[in-house]
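Have a look at the structure below, then the notes.
The values are calculated or read from the model by the stated rules, or taken from the named source; none is laboratory data. Note that this is a predicted model, so its numbers are computed, not measured. Here the Cβ positions follow ideal geometry from the backbone for every residue, glycine too, while neighbour counts run over all protein chains shown. Keep in mind that these areas ignore ligands, DNA and RNA; they rest on the heavy atoms of the full protein, side chains included. Shrake-Rupley method; radii C 1.70, N 1.55, O 1.52, S 1.80 Å.
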Amino acid sequence: LEFSIISTMISPSREFIFIHTAPSPYEANLKVFRTDTFAEVYNENFESSEIVYTWNGNDESKIFVTAFNKDWTYSSYVIRTDLKESQRVEISQPFAEWLDENRLLMLNWDLESPDILAPFLISSDSGLEIVDGGEYYFFKSWSDLVLSIGIKGEDFNTAQYTFFNKNLEPIYSFHAPHIAQYSGWMIPHFDYLPELKDFILVEPYKSGEIGVYTGGYKLVKRNIESGHEEIILEKIENQPI
């Protein structure tokens, strides 16, 4: 590659790799290669000072990209590797993930008056749809389910983790302590193993505040289908899995 790599991302099937380099401080070069032959399948430059992106787990020919300018204005695109091009999309939130092959999921933050929780918002060809029934401060989408993190009722010391199917119907939930930071909560380190339906979480033993919490962490595995919980490691550091 001609320029230093800023970041990379492997597709969910691991058949492709996305590589972000920066020819200049205000330009991003985005390439996609096959992992078996390293053949290039996509290459395009974007004006930006910062890039965020997410792969479509249900259709790996699509990648959602938001390119931020220096003043934090942004433009969003859907990369189509099968067409070797990108398509500009108008979207009300800069951070989104794929709900399925064609729909994007995001949190409907009020950008003029930010809050600590927001409901789901779905963007599709037919328009925007706010999903009633819950508010959250974080979410993550995979090919088979969606994770949300909110609070347990009025208990701001306890996080509620809820897993949804792709119709956004809840299928499993649990509660855990969480760590407060500044105007919200720290997002814990986690991983999900779709083939086993196992969710793995670096979980604090009790709630606290960042910078002063000394209670330690444990590594916990939960099965989304059976609900079985298992502590894998005790007294660990708060580090990525």
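Summing Cβ point charges (Lys, Arg +1; Asp, Glu -1) relative to the Cα centre of the chain gives a dipole of roughly 480 debye. On full extension, the segment bounded by Asn165 and Lys235 gains 21.9 nm, given 0.36 nm per residue less the C-alpha separation. Among beta bridges identified by DSSP and lying wholly in segment 67-157, the antiparallel ones come to about 100 percent.
Please report the antiparallel percentage of DSSP beta bridges with both residues in segment 138-241, rounded to the nearest 5. Walk me through the intermediate numbers first.
On the way: 36 of 38 bridges.
Rounded to the nearest five, the antiparallel share is 95 percent.
Looking at the square roots a ≥ b ≥ c of the eigenvalues of the Cα gyration tensor of segment 16-96, which shape do they give, rounded for a/c under 1.5, prolate if a/b is larger than b/c, or oblate? Cα axes put segment 16-96 in the oblate bin. Computed packing ranks the peptides 85-93, 144-152 as 144-152, 85-93, most packed first, by mean other Cβ atoms within 10 Å.
Considering only Gly215, Gln93, Pro114, whose Cα is most displaced toward the positive end of the charge dipole of the chain, charges sitting on Cβ of Lys, Arg (+1) and Asp, Glu (-1)? Farthest towards the positive pole: Gly215. Using a cut-off of under 11 Å, list every residue of segment 109-128 whose amide N is near the label point 7 Å from the Cα of Asp59 along the Cα-to-beta-carbon line. Label zone hits: 125.
The label point for Glu85 and the one for Ser113, both projected 7 Å from the Cα toward the Cβ, are 4.3 nm apart. The base-10 log of I(q)/I(0) for segment 173-241, evaluated at q = 0.18 Å⁻¹, reads -0.68 [Debye formula, identical scatterers on Cα atoms, solvent excluded]. When peptides 47-58, 229-240, 12-23 are sorted by average Cβ neighbour count within 10 Å, with the highest value leading, the order is 47-58, 12-23, 229-240.
As a quick test, which of the pairs Lys62/Lys197; Lys31/Lys166; Lys70/Lys152; Lys31/Lys140 have an alpha carbon distance above 26 angstrom in this structure? Could you put the intermediate results ahead of the total?
On the way: Lys62/Lys197 24 Å; Lys31/Lys166 29 Å; Lys70/Lys152 37 Å; Lys31/Lys140 24 Å.
Violating the 26 Å Cα-Cα cut-off are Lys31/Lys166; Lys70/Lys152.
Placing unit charges on the Cβ atoms only, positive for Lys and Arg and negative for Asp and Glu, gives segment 114-241 a dipole magnitude near 340 debye about its Cα centre.
Ligands, DNA and RNA are left out, and with a 1.4 angstrom probe the accessible area of the chain is 54 Å² per residue.
Assuming 0.36 nm per residue, please report the length gained on full extension of the stretch Thr73 to Ser24 beyond their Cα-Cα distance. Mind showing how you got there, number by number?
Working: separation 49, 0.36 × 49 = 17.64 nm, distance 1.84 nm.
The span from Thr73 to Ser24 would gain 15.8 nm if fully extended.
Shown for the chain: the carbon plus sulfur share of the solvent-accessible area, taken with all protein chains present and a 1.4 angstrom probe, equals 48%.
For the chain, the mean projected area of the C-alpha convex hull, equal to one quarter of the hull surface, is 14.5 nm².
Between Ser13 and Glu50, the C-beta separation translates, for a Förster distance of 25 Å, into a calculated FRET efficiency of about 0.40.
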